[in-house]
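The values are calculated or read from the model by the stated rules, or taken from the named source; none is laboratory data. Since we're looking at a predicted model, the values are computed, not measured. Quick reminder, even Gly has a Cβ in these numbers, built from the backbone with ideal geometry, and neighbours come from all protein chains shown. Calculation scope for accessible area: heavy atoms of the full protein, side chains included, ligands and nucleic acids excluded. Shrake-Rupley method; radii C 1.70, N 1.55, O 1.52, S 1.80 Å.
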Amino acid sequence: TGAFYAEIDPKTSTVSKPKLVPFTDEFLAQVDVDNFASVKGNNPGLYNGFRITHILNRDNGSVDLVSEYYRLVITTNNNGRTITTTYTYYYGDIVNTNISENGNAIFTRIPKNQIQVNSTLFVGFYPIVYKDKLVFLYNDDKDNVERDLAKKPDDVRNFKRSIFMATTVDAKGS
């Protein structure tokens, strides 16, 4: 698994220069730390909860496909008198695929794990292009600021105690 992309002529709908760039084992291992991917088994790759949320163009001519892990768990309880339904939203790692003008792809993991019950008010992220960089804005746990990227991030469940985070990714994926 990885990223597939190609050029499409809008006038003729002709597809040219198709390319599949597989995820590296090192990249999958980073996302696997957060339990959003697998490097083991017959089908290694990102879990199917990832969805592309933004397609952005940088000033250097590259294109970013920005994905985020998302899962919704709906729990209904019936105690004989009342029925209660709870919606638990899980917003996890951001995976950025930067495709350069010459067709090379760089994968970057932005670790996060936000959990919110019955609301999506403070979860998710917002990306901003600034010249040849991409800036991600999101709420995070303050302990994650200095956390080693090889470790799983702390969950954010109480957004009153979260901090507003800005993470910058350059053209090299750093």
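Per the conditions (1) farther than 17 Å from Arg109 by Cβ; (2) touching a Leu at 6+ places or on another chain (Cβ under 9 Å); (3) open to solvent by 40 Å² or more (accessible area, probe 1.4 Å); (4) not acidic (Asp, Glu), the sole criterion not satisfied by Tyr90 is (1). Pro44: more than 19 Å from Val66 (Cα to Cα), of a type outside the set (Gly, Ala, Ser) and crowded, with 16+ Cβ neighbours inside 10 Å, yes or no? Taking the combined requirement at face value, the residue satisfies it.
Residue pairs whose Cβ atoms lie under 6 Å apart, sitting 6 or more positions apart in sequence or on different chains, and linking a residue in segment 160-174 that is under 15 Å from Asn104 (Cβ atoms) to a partner that is surrounded by fewer than 17 Cβ atoms within 10 Å (Cβ to Cβ), are Asp170/Lys133; Ala171/Asn60; Ala171/Asp132.
Residues of segment 18-41 that are assigned to a strand (DSSP E or B) and of a type in the set (Lys, Arg): Lys19 alone. There is at least one residue in segment 3-22 that is at pLDDT below 90 and under 14 Å from the mean Cα position of the chain (by Cα). Scanning segment 119-174 for residues that are under 30 Å from Thr76 (Cα atoms) and open to solvent by 90 Å² or more (accessible area, probe 1.4 Å) yields Leu121, Phe122, Arg157, Lys160, Arg161.
One residue alone among Val31, Val63, Val21 is open to solvent by less than 40 Å² (accessible area, probe 1.4 Å) and within 19 Å of Ala171 (Cα to Cα), and that residue is Val21.
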